Amino acid sequence: MNDLAALSQKIAALAATDVVFEQGARVISIGGEPGPLAAILGVIDDTILERELEFDADGRIFRVVAAGRRLRGISAVSDPQAETVVGETLSREEPAVLDAAKAVLTRACDAANRLSVRSLPPAPFGKGGERGVSAMGLAELWEVDVDTTPQPPFARFAKIARGAATAMIHLEEGEVLEQKGDVAPLQTMLETQVSAFLARQDKLRRVTEGPQFICLDSAMADGSSTTLALSDDSLVLLSHGADAIPALHRAWKALLG
Amino acid sequence: MVIEELDALRGTFANCKTLAFADLSTQMILVTDTNADLPREALDGLCAEAALMLGAGDKVALGETSSEAALVASKDALRLFVRAQDEPNDVLCCICTPELDVETFLIDARDRLNRMSRGN
């Protein structure tokens, strides 16, 4: 990717309004979407000025130092196997340290259902001349797929919903774009309920409210909840745990700006 | 008692603009708490929407079973419907602004609704 393309993608990302915050921390991965390590590298790739980035993976806190879209190193993590990595500046000339850093970060966050980040002032780290390794370089070395392509707002909401869903159907212009999990109950709802439900709701409201987010707690036979999200020709229907309702609503609010 | 609970809930959440305690079996609003000048038809519509979202009796419009709570959000509006734990026909209908802290509100609303429904 050339610099101009990278720059335009960064500007598009910065202009996006669908960022989800929880208690001041930016949520970057829910339910493994995007992959936690890819999400971390994505944040580092967005970091120009030197910052200490504090990640929270389901309550497990760890910190890295990043600058100039590079990871300088891991500054803090609670991991007895991380002694050789913490405080060390990463370098392509030290492949063993790079491998160890990947292992530490993977252990810290790979199984996280929710990963968030706070950007903190820089803390003293390494020597001034040591720059670390670029996020995209690490993605290549660590074989992590970092998706830097800006997506339409509804697609970004669908991605978050996918992470929270036990099952999900995503339709675009009536065609199935993606599915997750056991979609049979959702398929039945789509075929037998959704049109009539929306028609009844339109009749009640008497005004068109535009994009809609409808979440019904404990509406599925197994006790889970269901959410129907609609915008223009896009529709997402998912089942999920009740604990995902606030995050889904926050993601929806972020989509609408 | 009901009015005090509704007042307290709306007082706690500035983004909650209208509350209505309703009976789904008759689809009637029993008590309202609002500063807005809502016509009767709007309140009736709110109650009918509660029945549609939560399910009334054996009728479920969306989903496999009746719901305990529902959230309907658009760009400019947020409506929540909550069902009482012991008396499924007792529901709370809420008109809020989109900035509402849904998580905290639902916890408080459920507690107050259950107290109103039990009459304690």
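Structure notes:
- All positions within the range A:66-117 that are among the acidic types (Asp, Glu) and crowded, with 16+ Cβ neighbours inside 10 Å: A:Asp79, A:Glu88
- Remark: A:Asp182 matches the filter, which requires a residue to be within 23 Å of the chain's Cα centre (by Cα), of a type in the set (Asp, Glu), surrounded by fewer than 20 Cβ atoms within 10 Å (Cβ to Cβ) and over 26 Å from B:Thr104 (Cβ atoms).
- Of residues in the range A:211-235 being touching a strand residue (DSSP E or B) at 6+ places or on another chain (Cβ under 9 Å) and exposed (fewer than 13 other Cβ atoms within 10 Å of the Cβ), the one nearest to A:Trp252 (Cα to Cα): A:Asp233
- Of the strands (runs of 3 or more DSSP E) lying entirely inside the range B:28-120, those containing at least 1 residues that are away from every other protein chain (no Cβ under 13 Å) and out of contact with any helix residue (DSSP H, G or I) (no Cβ under 6 Å at 6 or more places or on another chain) are B:28-34, B:90-96.
- Some residue of the range A:14-36 being within 27 Å of A:His240 (Cβ to Cβ), in contact with a strand residue (DSSP E or B) (Cβ under 6 Å, 6 or more places away or on another chain), at pLDDT 60 or above and among the small types (Gly, Ala, Ser): yes
- Number of positions in the range A:218-245 that are more than 9 Å from every other protein chain (Cβ to nearest Cβ), acidic (Asp, Glu) and over 20 Å from the mean Cα position of the chain (by Cα): 2
- Filtering A:Asp147, A:Asp99 for residues that are outside any strand (DSSP E or B), of a type outside the set (Ser, Thr, Tyr) and outside the structural domain of A:Val65 (by TED's automatic domain parsing) leaves a single hit, A:Asp147.
- Given (1) in contact with a helix residue (DSSP H, G or I) (Cβ under 9 Å, 6 or more places away or on another chain); (2) among the small types (Gly, Ala, Ser); (3) on the phi > 0 side of the Ramachandran plot, index of the condition A:Ser119 fails: (3)
- Counted as qualifying within the range A:151-257 are the helices (runs of 4 or more DSSP H) with 3 or more residues that are basic (Lys, Arg), namely A:153-164, A:194-205.
- Residue match in the range B:81-102 (condition: at pLDDT below 95, under 30 Å from A:Thr188 (Cβ atoms), surrounded by 19 or more Cβ atoms within 10 Å (Cβ to Cβ) and in contact with a Leu (Cβ under 7 Å, 6 or more places away or on another chain)): yes
Every residue, every condition in (1) modelled with pLDDT of 95 or more; (2) in contact with a strand residue (DSSP E or B) (Cβ under 8 Å, 6 or more places away or on another chain); (3) within 17 Å of A:Thr227 (Cβ to Cβ); (4) more than 14 Å from every other protein chain (Cβ to nearest Cβ), yes or no:
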{"position": "A:Thr148", "(1), (2), (3), (4)": "no, no, no, yes"}
{"position": "A:Met168", "(1), (2), (3), (4)": "yes, yes, yes, yes"}
{"position": "A:Glu178", "(1), (2), (3), (4)": "no, yes, yes, yes"}
{"position": "A:Val183", "(1), (2), (3), (4)": "yes, yes, yes, no"}
{"position": "A:Gln193", "(1), (2), (3), (4)": "yes, no, yes, no"}
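- Selection count where residues are in contact (Cβ under 8 Å) with a residue 24 or more places away in the chain and more than 15 Å from B:Ile29 (Cβ to Cβ), scope the range B:47-73: 5
The values are calculated or read from the model by the stated rules, or taken from the named source; none is laboratory data. Since we're looking at a predicted model, the values are computed, not measured. Cβ atoms come from the backbone with ideal geometry, glycine included; neighbour counts cover every protein chain shown.
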